[in-house]
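Contents: one structure, followed by commentary.
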Ligand SMILES: [Zn+2]
């Protein structure tokens, strides 16, 4: 491909992909998720890629009913709520109990509190500052009946969908629901007496799929370009992650007619919102030959209208230098931190296999995200032009990596980062790779 053609991405096409993907939420295992998979697969095929759907089984969870209210000075105030992923159900008639505020529910917040028979109100997502399952275990054993959370990462007037790693699901024994931060905040200043919570939810075995489109190169060494296409509950997921999926589709369209030196594998993963269960299922399959994959580009949440570009690097310092040079030549304003980002998106699964990655990301506020994981993550709040800009830079990056005989940066992940990945895997309870 001619590297001079650096404006080959088409924001109109990106908009078309987004419109088709993001009419509804695409919850893992749902019909809507399957519909999106079909659309992506058809498009891949239309671009000349060898397309397939990679089905996988996973432990799913869903809720059919959620109702919460707080009693303040004798008045019952109902609250919009979303149960946290893997939340237990309440008894059919719901739970009514005195409410107790637990701060962030860290060890030191809980000393000397009598929890028995109460509903806890927690500021945070129950991962704790260590991001381990310890907090859940502590709360299970506390005598609390249920927990309501307000997330300081999402300090807005709507509830958000909050998830746990699939690995932690057996630690979740209580009904857990997220309430809108700004709706609860004024009530906290008053005398919060009681809370009512009713959740109907269940765990079940389910099936989802990754969608894969491949362009065979002259050699088997492979570059992965990926995103996830699933969403949390209630969330049209235009930015998280219709944006990344439109990015992948646009790049598949552009490269579909080329014959690169290295093989290109475009993947739309399912189940990222279940902490990358789709990507995990991809990397553990022998038939996917991860040993041939030399580089992964991931795009997750890149379409914020007002935001700031980040490319997170896991890999050699020369990979960072290479990406920095490319960004500069493209006048793509971006911060490029080198860091290990477990769970935040699907590239981490590749890092587990020793594969370096870059993650395109465009957050739109300093801490957390404005609309993400809520009904406001919609087409209106997502910019095809920003997605096309990131895709433009990626055309250059993919072209340089796929078509040069010698890779522009060393393969693999440096030893210090590998060590960090190993330590994180242990601390966070991520299941080890099968041999
Ligand atoms: Zn995402």
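The values are calculated or read from the model by the stated rules, or taken from the named source; none is laboratory data. These numbers were taken from a predicted model, which means no experiment stands behind them. Neighbour counts are summed over all protein chains in view; Cβ atoms, including those assigned to glycine, are modelled from backbone coordinates with ideal geometry.
A few remarks follow.
- Checked against the criterion of being in the same structural domain as residue 182 (by TED's automatic domain parsing) and in a helix (DSSP H, G or I), the range 115-122 contains not a single residue that satisfies it.
- Residue 212 vs. criteria in contact (Cβ under 8 Å) with a residue 12 or more places away in the chain, more than 18 Å from residue 52 (Cβ to Cβ), assigned by TED's automatic domain parsing to the domain that holds residue 353 and surrounded by fewer than 24 Cβ atoms within 10 Å (Cβ to Cβ): no
- Residue within the range 268-279 that is more than 12 Å from the ligand (Cβ to nearest atom), part of a helix (DSSP H, G or I), within 24 Å of residue 426 (Cα to Cα) and touching a residue at least 24 places away in the same chain (Cβ under 8 Å) present: yes
- Checking each residue of the range 371-390 against the condition of being closer than 26 Å to residue 221 by Cβ and either surrounded by fewer than 22 Cβ atoms within 10 Å (Cβ to Cβ) or assigned by TED's automatic domain parsing to the domain that holds residue 321 (or both) gives at least one match.
- Verdict on residue 206 being touching a helix residue (DSSP H, G or I) at 6+ places or on another chain (Cβ under 6 Å) and at pLDDT 95 or above: no
- Taking the range 287-375 as the region of interest, the strands (runs of 3 or more DSSP E) fully inside it that hold 3 or more residues being away from the ligand (no atom under 13 Å from the Cβ), closer than 24 Å to residue 424 by Cα and in contact with a helix residue (DSSP H, G or I) (Cβ under 7 Å, 6 or more places away or on another chain) are 293-299, 310-314.
- Taking every residue in the range 343-365 that is in contact (Cβ under 8 Å) with a residue 60 or more places away in the chain and over 17 Å from residue 420 (Cα atoms) and pairing it with any residue that is within 16 Å of the ligand (Cβ to nearest atom) and part of a helix (DSSP H, G or I), at least 6 positions away or on another chain, the pairs with Cβ-Cβ distances below 6 Å are 346/272; 346/279; 359/347; 360/390.
- Considering 298, 351, the condition of being closer than 27 Å to residue 219 by Cα, under 15 Å from the mean Cα position of the chain (by Cα) and buried (at least 23 other Cβ atoms within 10 Å of the Cβ) is satisfied by 298 alone.
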